[in-house]
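K.L.:
So that we are looking at the same thing, I have put the structure below in structure tokens.
Only the coordinates and a few stated rules stand behind these numbers; no lab work does. Small disclaimer: the values here were computed from a predicted structure and weren't measured. Reconstructed Cβ throughout: ideal geometry from the backbone, glycine too, with neighbour counts over all protein chains shown.
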Amino acid sequence: MFRNQDGRVLKRSPSARETSARENRLRDARLRSHSRRLIRRLAPQLPLSVTTLCELLGEDRGTPISLLEWDLPADGPFGVLISRQDEDVIAYQAKTTKAHQAHIILHEVGHIIAYDIAGERPAGMQLRTCYSDRDERDAEIIASTIMNQAISMSRRARRYGLDQPWQPSVYNSLVLTDGLT
């Protein structure tokens, strides 16, 4: 704590780094919140199938999402998003585990959702393999939030015998209020 000559406490202005870190935390929180609301609204069957999630998200957005398993070069990206006017195509690595493929797809879905949030859908066809660090962070936050939400809901459905864990009800509101809003 610093005081001036009159004995008053001087407030320190936050540094650019502190401001940037705070803005990042707020942005991350907004992305997580949006992703949780989206997955609840889509209400996919559990356990989560990324194929079904892409179908539901495509219907919700009015732009289908096609999945294409592809033998991508080992030294290149594991997933590629091809945005076209009438559809989004996610090409993902064929030569990896199913769990890794699901994460790759969710990561690319994260880019799509981030585009939608920002209102920045590419106008024409674009092949995206290079993003800013911020774009990559956004996509990872969205992907991990969706996966975490689906795992949590699956566990709750099994534990409490919920047939439709995404549907609002008095019981679900009591069971599902452990900080996941």
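K.L.:
Rank-order 66-72, 33-39 by packing density, defined as the average count of other C-beta atoms within 10 Å over each peptide's residues, highest first.
P.N.:
33-39, 66-72
K.L.:
Sorting check: for 150-162, 99-111, 20-32, 131-143, which peptide has the highest mean count of neighbouring beta carbons within 10 Å, and how do the rest follow?
P.N.:
Ranking, from highest mean packing down: 99-111, 131-143, 150-162, 20-32.
K.L.:
Can I ask one more? Give me the percent of DSSP beta bridges within segment 30-132 that run antiparallel, rounded to the nearest 5.
P.N.:
In segment 30-132, DSSP labels about 55 percent of beta bridges as antiparallel.
K.L.:
How big is the gap, in Å, between the Cα center of segment 62-89 and the Cα center of segment 135-153?
P.N.:
Cα centroid of segment 62-89 versus Cα centroid of segment 135-153: 18 Å apart.
K.L.:
By how many nm would the segment from residue 135 to residue 163 grow when fully extended, if each residue of separation counts as 0.36 nm and the alpha-carbon distance is taken off?
P.N.:
This chain segment gains 6.5 nm when fully extended.
K.L.:
Excluding residue 94 itself, calculate the net charge of residues whose Cβ lies under 12 Å from the Cβ of residue 94, where each Lys or Arg counts +1 and each Asp or Glu counts -1.
P.N.:
0
K.L.:
Give me Rg/Rg_expected for segment 15-144, where Rg uses Cα atoms only and Rg_expected = 2.2 N^0.38 Å with N residues.
P.N.:
Relative to the rule-of-thumb radius for its length, segment 15-144 sits at 1.07.
K.L.:
How large is ³J(HN,Hα) for each residue in segment 89-101, as worked out from phi by the Karplus curve 6.51 cos²θ - 1.76 cosθ + 1.60 (θ = phi - 60°), to whole Hz, x for Gly and Pro?
P.N.:
Rounded to whole hertz, the list is 10, 10, 9, 9, 4, 7, 9, 7, 6, 4, 5, 5, 4.
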